[in-house]
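One structure is given below, encoded as structure tokens.
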Amino acid sequence: MALRLYNTMGRKIEEFVPIHEGFVGFYGCGPTVYNYAHIGNLRAYVFLDTLDRTLTFLGYDKKHVMNITDIGHLTGDADEGEDKMLKTAQERHQSVLEVAKFYTDAFFNDIDRLNIIRPDVVCKATEHVQDMIELIKRIEANGHTYMSGGNLYYDVTTYPDYGKLANLNLDDLKAGARIEVDQNKRNPYDFVLWFTKSKFENQALTWDSPWGRGYPGWHIECSAMSMKYLGEHFDIHTGGIDHIPIHHTNEIAQSEGATGHKWVNYWLHNEFLVIAKDKKAAESGQAEKMSKSHGNFLTLQSLIDKGYNPLDYRFFLLGGHYRKQIYFSWDAMDSAKNSRTALVQRVARLAQNAGGADSLNYSKIYSKGEACKTENLSEKAKEYIEKFQAALENDLSTPVALSCIQKAVKDGSLKPEESLELVRRMDSVIGLNLVKSAADFLAEQEKEKKASVPDHSGDPEAQEIDALVAERVEAKKAKNFARADEIRNMLSSRGIIITDTPNGAVWKRS
Ligand code: AMP
Ligand code: ZN
């Protein structure tokens, strides 16, 4: 088997063949840091994390690059509306950079809480404006630009493949749809590469450029930074499906307009997290994209405030395939929480059967390809790894991968040590932190147990009963049931009742 991915360019599942054998360069569009990420945005990063972890599992070296948009993104993706960063800065009486720092930190806090591996390169737009200027110069030299109204535009009619990612037809576009009335544009789908004069007279951050002092359009940052860190031709580019018709379409026009050759081989897009607007809509099954502009968004913190663990949300997302819409509801979150908790408790039980909590006391980081090696595994365990691998190779099918872990922890035909080994390996991709969570669960249980042990100092009879109850526990462990029953009966005749609980045996006087 080999990794197969759905390529939006061409709209079909294809075998993945990297440009350089054994190495994958990929770029995911990062957040615009003008507000907290909502949990819909976070779906995009859990998906990217699944790709990242899968590549390591399958034995690839990888370089994962993500941008931070801290300049140039307007409320509409096609150059219309207000500047997102500037708007928040004005509302909060802060500088754009202060706003960017605050929300960038908040974003990485969310990423960490979701156990998402940080990208290998995180690059900020404001730190790469010179790279953008150099790229725009190349686009200009190739005849794709024009100045109008003080801004530099990309003329989409000069790039014959414009719209191929989204299957847009330029003739239809020209004749029909209007995306905005911008008198400066020759064609409605032209877009800004460099703003000098715009509606934002008070733009806080500006740079000198061959086209005058100003600032870059939104799309150019991704072309410039991805090429800087991954080269002019790389393997995979990702983002949410909303980026297909405008942002990614324009990124391709810019990048290929500058270099004259193919830029990205595989385009992967995650579907939306959707949510019902209100109770009535929920009851009739109507849902819409979660977004800040619809005002229907939730943050990770709001889930935590309601008592969920961030990993419950990760579990919820992985239960759906990234190319399918996923419907958010509190019932679905409850069910994810219950299933994740059950999984963690099963791992804890496995550890107890495999020699106690100590078997959870190390965390293993697998090197590339190590977790999917099957040489030292039993036939049964090997089957699990192969099924798990096949699920991921089938366009990153996390629901099937997740069910492989759930089955492996319940499979009594596997030795507990072996099930634990499978959990460690599979969790290197699923990322639910199962071993650590199980260790925490056992530690918590131990704490509760200790707290529930009554203080019997000064009560010799109670101490004697404690000793007998402890002896009964040991007898049961040694399968000496005769002695265990004898103790129970002896105590019972003295009016002492023993109850076995998950936290151990407790007794009371009747
Ligand atoms: P932004 O910060 O607005 O650039 O968005 C960050 C990422 O989240 C982009 O890849 C978007 O496509 C993605 N995204 C936005 N809304 C949703 C949603 N409701 N569900 C899934 N992904 C989304
Ligand atoms: Zn982008």
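The values are calculated or read from the model by the stated rules, or taken from the named source; none is laboratory data. Predicted model only: the values in this text are computed from it and were never measured. Heads up, the Cβs are rebuilt from the backbone with ideal geometry, glycines too, and the neighbour counts pull from every protein chain shown. Side chains are part of the model used for accessible areas, which takes the heavy atoms of the whole protein and leaves out ligands, DNA and RNA. Shrake-Rupley method; radii C 1.70, N 1.55, O 1.52, S 1.80 Å.
Picking from THR196, PHE315, ALA482, whose Cα lies most toward the positive end of the charge dipole for the chain (charges on Cβ: Lys, Arg +1; Asp, Glu -1)?
ALA482
Sort LYS137, LYS324 by heavy-atom solvent-accessible area, probe 1.4 angstrom, most to least.
LYS324, LYS137
Using the crude model of +1 on Lys and Arg Cβ and -1 on Asp and Glu Cβ, and no other charge, please compute the dipole size for region 279-443 relative to its Cα centre, in debye to 20.
360
More than 20 Å apart: what percent of Cα pairs in region 343-418 qualify?
That tail contains 37 percent of the Cα-Cα pairs.
With +1 on the Cβ of every Lys and Arg and -1 on the Cβ of every Asp and Glu, and nothing else charged, how large is the dipole of region 394-467 about its Cα centre, in debye rounded to the nearest 20?
In total the dipole reaches around 600 debye.
Starting at 0 and stepping by 10 Å, how many percent of the alpha carbon pairs of the chain end up in each bin?
3, 16, 23, 21, 15, 9, 6, 3, 2, 1
Along the charge dipole of the chain, pointing to its positive end and built from +1/-1 on Cβ of Lys, Arg, Asp and Glu, which listed residue (VAL400, PRO160, ASN353) has its Cα farthest out?
ASN353
Expressed as a whole percentage, what fraction of the accessible surface of region 378-510 belongs to carbon and sulfur atoms when a 1.4 Å probe is rolled over the protein heavy atoms?
C and S atoms contribute 53 percent here.
If you average 1/r across every pair of different Cα atoms in region 453-509 and take the reciprocal, what Kirkwood value do you get, in Å?
11.6
With +1 on the Cβ of every Lys and Arg and -1 on the Cβ of every Asp and Glu, and nothing else charged, how large is the dipole of the chain about its Cα centre, in debye rounded to the nearest 20?
1060
With labels modelled as points extended 7 Å from the Cα through the Cβ direction, what inter-label distance (nm, one decimal) is found for GLU486 paired with SER457?
So the label points at GLU486 and SER457 sit 3.3 nm apart.
Quick one: net charge of GLN286's neighbours, Cβ under 10 Å, K/R +1, D/E -1?
Result for the neighbourhood of GLN286: -1.
Normalised radius of gyration for region 1-54, please: alpha carbon Rg relative to 2.2 N^0.38 Å, two decimal places.
Expressed relative to 2.2 N^0.38 Å, the Cα Rg reads 1.39.
Quick one: ranking THR88, THR56 by accessible area, 1.4 Å probe, largest first, what do you get?
If we order THR88, THR56 from most to least accessible, we get THR56, THR88.
Taking Cα atoms, how many degrees apart are the long axis of helix 39-57 and the longest axis of the chain, rounded to 10 and kept between 0 and 90?
Computed tilt is about 80 degrees.
Output the peptides 119-129, 206-216 sorted from most to least packed, where packing is the average of other Cβ atoms within 10 Å over each peptide's residues.
Per-residue Cβ counts within 10 Å, averaged per peptide and sorted highest first, yield 119-129, 206-216.
Picking from PRO416, ALA438, GLN325, whose Cα lies most toward the positive end of the charge dipole for region 279-443 (charges on Cβ: Lys, Arg +1; Asp, Glu -1)?
So the residue furthest toward the plus end is GLN325.
Rounded if a/c is under 1.5, else prolate if a/b beats b/c, else oblate: with a ≥ b ≥ c from the C-alpha gyration tensor eigenvalues square-rooted, which is region 22-270?
oblate
For the chain, what proportion of DSSP beta bridges, expressed in % and rounded to the nearest 5, is antiparallel?
Antiparallel: roughly 50 percent of the beta bridges in the chain.
Suppose the chain between LYS387 and LYS137 were pulled fully straight at 0.36 nm per residue; how much longer would it get relative to their current alpha carbon spacing?
Once the chain is fully extended between LYS387 and LYS137, it gains 85.0 nm.
Probe of 1.4 angstrom, ligands and nucleic acids ignored: what's the accessible area per residue over the chain, in square angstrom? Each step should come with its number before you reach the end.
Details: 23140 Å² over 510 residues.
Per residue, the chain has an accessible area of 45 Å².
Report, as a whole number in µm² per second, the diffusion coefficient that Stokes-Einstein gives for region 387-471 at 20 °C and 1.002 mPa s using the Kirkwood radius over alpha carbon pairs. Intermediate results must be reported in sequence, preceding the final value.
Working: Rh = 16.1 Å.
After rounding, the answer is 133 µm²/s.
On average, how much area does the Cα convex hull of region 38-152 cover when viewed from any direction, in nm²?
9.8
Kindly express, to the nearest 10 degrees and within the range 0 to 90, the angle between helix 434-452's C-alpha long axis and the longest C-alpha principal axis of the chain.
Relative to the chain, helix 434-452 is tipped by roughly 40 degrees.
For q values of 0.15 Å⁻¹, compute log₁₀ I(q)/I(0) with the Debye formula on a Cα-only model of region 279-443, without solvent.
Those come out to -0.87, one per q.
Hey, what angle do you get for helix 129-141 against the long axis of the chain, alpha-carbon based, 0 to 90 degrees rounded to 10?
40
Looking at region 22-270 only, what percent of DSSP beta bridges run antiparallel? Nearest 5 please.
If I count the DSSP bridges inside region 22-270, around 35 percent turn out antiparallel.
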